[in-house]
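Since the structure comes first, as structure tokens, the remarks are kept for the end.
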Amino acid sequence: MFSVELLDSALFASVFRALIPILLAAIGGLICERAGVFNIGLEGLMLSGAFAAVAGSYFSGSAYAGVLSGVVAGVAVSSVLAYGAVTRKGDPIVLAVALNLFAVGITAFLLVAVWDVRGVFQDPRIVGLKTMPIPALSQLPWLGSVLFNLTLVGYVALLVVPVVQLVLFRTAVGLRLRGVGERPLAASSLGVQPGRYQYGAILASGALCGLAGAQLSLGNVVQFAENMTSGRGWIAVVAVMLARAHPVGVLGAALLFGFAEAIGFRLQGNGLPSQLTDAAPYVVTLVALVVARRQFARASTSVAT
Amino acid sequence: MSVETTDVGMPAPSAPADRGRRRGPWPILRRAAMSLLGPAPVSIGLALVLGGVVIALAGADPITAYRVMGEGALTGPGLVNTFQRAVPLVGMALALAVAFRAGVFNLGGEGQMVLGGLAGTVVALFVPGPGLLVMLLAFAAAVLAGGLWGALSAVLETRLAVPILISSLLLSYPARYFSSYLVRFPLKEKGSSLVATEPVPEAVRIPSLLSESSPLGAAIARALGPENILVRLTSTLDWSLVVVALLIVAVLVFNRRTPAGFEAGITGLNPHFARYAGVRTDRLKVSTMFVSGGIAGLVGIMLVLGSQIRLVDGALIATNYAWTGLLVALLAGSRPLRVAVAGAFFAAIIVGGEAMQRSAGVSAQISQLIQAIVIVLIAIRVQVTWRRRAKSTVREQSDDLGRV
């Protein structure tokens, strides 16, 4: 009945809105996974990025300065994870969980300290990211108006997928990174320092999550809300698992969640209670994992103290 | 072997006899100093310093702010409030500690707690019968609901290889939204502006430890005066305190005195060894998650029947007990008695943070900030040390090979 009206270009637009932050964060998680670091701090990194992006945009009056400060914030928070997990050999899962809560705390705290606002911060001085239609291509029917009408961060997200694919599988750096993740002893006996690659991977995930946060708070909406990532970072973690850390697969997984969120949103417009449709992305995520039935021996065992 | 005591009266671990001689004349003092310089105290101290920096950046005076925090949490009504918060917080931390000790990383405490609260409330509202019996039935329903939701995550791992870490977290969201839906629509009290169920019957509510209307309570209140802290505590706190205390004892006995507790402990330390030694680790995961979720569910229903009286939409999540409880369990290293101490400490930080917000104008989020920093520092293994750290070697890296 509603299949026709559901699948129009407005739906695809909202699919991409939902997809881009998840995709960026998931690529960050993927790089860490490949370097042998299980990074579940994506949620907190993204939230820090979202906040810093709004702050940067507000004080500089430029959306791109906002994006840059989002990236800086993501890198800064991830450097704590890198130092703790790599240099101090702490448990990355405990660290990441604590950093996620730290991010919720510090952003809400600064929201009050800087603007004296609780909950949601909106202000005309926050400059949002504009979409940049690519001249001829954005005129194409259906997907054209969506795929070629993204923000700069959106284009970066779509470009990151092939770039990471190339770097990982076609360059020496990528080979060494994968070597560090799969056989650290072999890598180090060949003169590759695992720690350096793991640092690089974690900081890269910080930068990508910072971008993801900026897209969330300056692209999808122009505001900051407490805990506005609301589980997207976790969905990104699952996307990495589902795709077995392959960039193209991650894009596919992110698309799936983008659809789940967008269709949920649409059904809500059709009168379904929001409580049921809000749960959709998480349920879809879990069902996808169950259907995939893969072996995740790495992540689950012996992490708690 | 004689037990040496330090000058703070704590038994100190005895060291090889020559160590004290070699290091100088003050081995006892030295050891006392070392225990104060252990990871937890140093991390807490450093976190408070960092919190102070943040407070100063926010434009308040850190010294004043911390004084307000201390007074707000430890004196008069604040102390009562601290105890009141500590009970569910310790309960949630205990729920997660049971799992962590067995090497199961349960991140879904929130959903398990919410479902427990929901199931228990439904029983409390709709099952007729004598108050105490219905209350116990509500407890049982809460344990069952939270426990089964937890066990579901474990089954997803043992049968379908979806890690508990992820499945428990993801399962929290449908639990939250489902509960929210029921409270908003089918269970909502008609004609009330509050998004909540009807209040549960008086007889089903958890009574306070010593009500001022009871003869004994009234006598004590008359003898000590209504402002006395003991009177306030016993009239405000309810029997959840006793339930949580019993739970601590039960977990303690389980950990130390039962074969299953021993198996859980070694599985947490080394699952490969445990499996080799004949522990059925898959079954252990499921039962551990059932117990963990069950305790979380129990905490949920005790909050509803104790202080909240009705299930209010989002109220159980707003307390943030599940996530703070996780930090408490990590700080306490999953040991029950330490969970109680760490839980009380974090509860004091929360109450103090609120006092700070009221009078020093600093956001109460400072408490979550400080708590998270404590755990980050502990995970980073901050400690004061004079020893040279052993450099990582090839041997250490070769252990990593086992992960692949």
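As a summary of the residue check, A:Glu226 satisfies the conditions (1) crowded, with 20+ Cβ neighbours inside 10 Å; (2) touching a residue at least 40 places away in the same chain (Cβ under 8 Å); (3) within 29 Å of A:Leu129 (Cα to Cα) except for the one numbered (1). The set of residues in segment A:157-189 that are more than 14 Å from every other protein chain (Cβ to nearest Cβ) and either crowded, with 20+ Cβ neighbours inside 10 Å or β-branched (Val, Ile, Thr) (or both) comprises A:Ala157, A:Val160, A:Val161, A:Val163, A:Val164, A:Val167, A:Thr171, A:Val173, A:Leu177. Against the test of being modelled with pLDDT under 95, out of contact with any Pro (no Cβ under 9 Å at 6 or more places or on another chain) and either under 28 Å from B:Thr324 (Cβ atoms) or within 14 Å of chain B (Cβ to nearest Cβ) (or both), the options A:Gly90, A:Gly44, A:Gly74, A:Gly49 yield a single qualifying residue, A:Gly90.
Being of a type in the set (A, V, I, L, M, F, W, C), within 17 Å of the chain's Cα centre (by Cα) and either away from chain A (no Cβ under 11 Å) or more than 30 Å from A:Val290 (Cβ to Cβ) (or both) is a property that holds for B:Ala95. Among the criteria (1) surrounded by fewer than 18 Cβ atoms within 10 Å (Cβ to Cβ); (2) closer than 30 Å to B:Val362 by Cβ; (3) more than 14 Å from every other protein chain (Cβ to nearest Cβ), the one B:Leu136 does not fulfil is (2).
List every residue pair whose Cβ atoms lie under 9 Å apart, where the two residues are 6 or more positions apart in sequence or sit on different chains, the first residue falls within segment B:39-62 and is more than 15 Å from B:Met356 (Cβ to Cβ), and the second residue, located anywhere, is at pLDDT 95 or above and of a type in the set (Phe, Trp, Tyr). Filtered contacts from segment B:39-62: B:Ile44/B:Phe345.
Taking the stated definitions as given, is B:Phe185 within 15 Å of B:Ala119 (Cα to Cα) and within 14 Å of chain A (Cβ to nearest Cβ)? Spelling it out, it is not the case that B:Phe185 is within 15 Å of B:Ala119 (Cα to Cα) and within 14 Å of chain A (Cβ to nearest Cβ). Of the helices (runs of 4 or more DSSP H) lying entirely inside segment A:241-297, those containing at least 1 residues that are within 11 Å of chain B (Cβ to nearest Cβ) and surrounded by fewer than 17 Cβ atoms within 10 Å (Cβ to Cβ) span A:274-278, A:280-292. With the structure loaded, tell me whether B:Ala145 is away from every other protein chain (no Cβ under 14 Å), closer than 25 Å to B:Leu96 by Cβ and either touching a Phe, Trp or Tyr at 6+ places or on another chain (Cβ under 7 Å) or not in a helix (DSSP H, G or I) (or both) or whether it fails that test. No; evaluated as a whole, the condition is false for this residue. Within segment B:162-173, does at least one residue satisfy the condition of being over 14 Å from B:Gly109 (Cβ atoms), more than 9 Å from chain A (Cβ to nearest Cβ), assigned to a helix (DSSP H, G or I) and among the hydroxyl-bearing types (Ser, Thr, Tyr)? Looking through segment B:162-173, none of the residues is over 14 Å from B:Gly109 (Cβ atoms), more than 9 Å from chain A (Cβ to nearest Cβ), assigned to a helix (DSSP H, G or I) and among the hydroxyl-bearing types (Ser, Thr, Tyr). Considering (1) within 14 Å of chain A (Cβ to nearest Cβ); (2) buried (at least 24 other Cβ atoms within 10 Å of the Cβ); (3) more than 30 Å from B:Ala260 (Cα to Cα); (4) not charged (D, E, K, R), the lone condition that B:Ala124 does not fulfil carries the number (1). Among the residues of segment A:189-243, those that are β-branched (Val, Ile, Thr) and out of contact with any helix residue (DSSP H, G or I) (no Cβ under 7 Å at 6 or more places or on another chain) comprise A:Val221, A:Val222.
Surrounded by fewer than 18 Cβ atoms within 10 Å (Cβ to Cβ), in contact (Cβ under 8 Å) with a residue 24 or more places away in the chain and among the charged types (D, E, K, R) - does that describe any residue in segment B:323-336? Yes, that holds for at least one residue.
Restricting attention to segment B:256-285, the residues that are farther than 18 Å from B:Thr158 by Cα, more than 14 Å from chain A (Cβ to nearest Cβ) and either part of a helix (DSSP H, G or I) or of a type outside the set (A, V, I, L, M) (or both) total 7.
Of note, A:Leu168 does not satisfy the criterion of being aliphatic (A, V, I, L, M), over 15 Å from A:Ile20 (Cβ atoms) and without any contact (Cβ under 8 Å) to a residue 40 or more places away in the chain.
The values are calculated or read from the model by the stated rules, or taken from the named source; none is laboratory data. Only a predicted model underlies this, so the values are computations on that prediction, with no experimental measurement involved. Please note: Cβ atoms are built from the backbone with ideal geometry, for glycine as well, and neighbour counts cover all protein chains shown.
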